[in-house]
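The values are calculated or read from the model by the stated rules, or taken from the named source; none is laboratory data. Values in this document were obtained by computation on a predicted structure and should not be read as measured data. In this analysis, Cβ positions are derived from the backbone assuming ideal geometry, glycine residues included, and neighbour counts consider all displayed protein chains.
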Amino acid sequence: MESSRVDPSQPFVDTRLLGSDKSHQGEKYYSIDDEYLIYKDRVCVPTIGEFWGQILIKSHDSPSASHPRIQKIYALVKRQFYWPTLFKDIQDFVLKSKKC
């Protein structure tokens with residue numbers, strides 16, 4: 001997986017990742033691996049910046065993907081990555097794509 005290093009001066013963790021309950025039950029699914037925040041074996045992608053946009057472009061436009069529709073690109077991306085609005089962002093991206 002080709003990746004960029006996280007800039008430690010930038011906020012990385014979206015507070016929604018921990019869930020809305022005060023007991024933080026979601027914390028048991030998180031870990032740190034080689035400077036990356038991991039959620040259920042997937043890399044957490046910051047919602048700040050263009051990381052997630054780059055992931056969607058590469059997943060959607062790769063020759064092997066042949067411009068997949070929403071469900072297929074969602075299945076491809078969620079295998080390796082997580083962010084709170086993943087499905088909605090993919091849906092918006094695919095619906096706005098002029099290539100499909």
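Looking at region 27-62, which of its residues are touching a His at 6+ places or on another chain (Cβ under 7 Å) and farther than 26 Å from Lys96 by Cα?
None - no residue of region 27-62 is touching a His at 6+ places or on another chain (Cβ under 7 Å) and farther than 26 Å from Lys96 by Cα, so the list stays empty.
Here's the yes/no breakdown for (1) surrounded by 13 or more Cβ atoms within 10 Å (Cβ to Cβ); (2) within 12 Å of the chain's Cα centre (by Cα); (3) at pLDDT 85 or above; (4) not in a loop (DSSP other than H, G, I, E, B):
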residue	(1), (2), (3), (4)
Ser4	no, no, no, no
Gln10	no, no, no, no
Glu27	no, no, no, yes
Leu56	yes, yes, yes, yes
Pro68	yes, no, no, no
Lys88	no, yes, yes, yes
Asp92	yes, no, yes, yes
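Is one or more of the residues making up region 72-84 at pLDDT 85 or above, part of a loop (DSSP other than H, G, I, E, B) and more than 21 Å from Lys96 (Cα to Cα)?
Checked region 72-84: at least one residue is at pLDDT 85 or above, part of a loop (DSSP other than H, G, I, E, B) and more than 21 Å from Lys96 (Cα to Cα).
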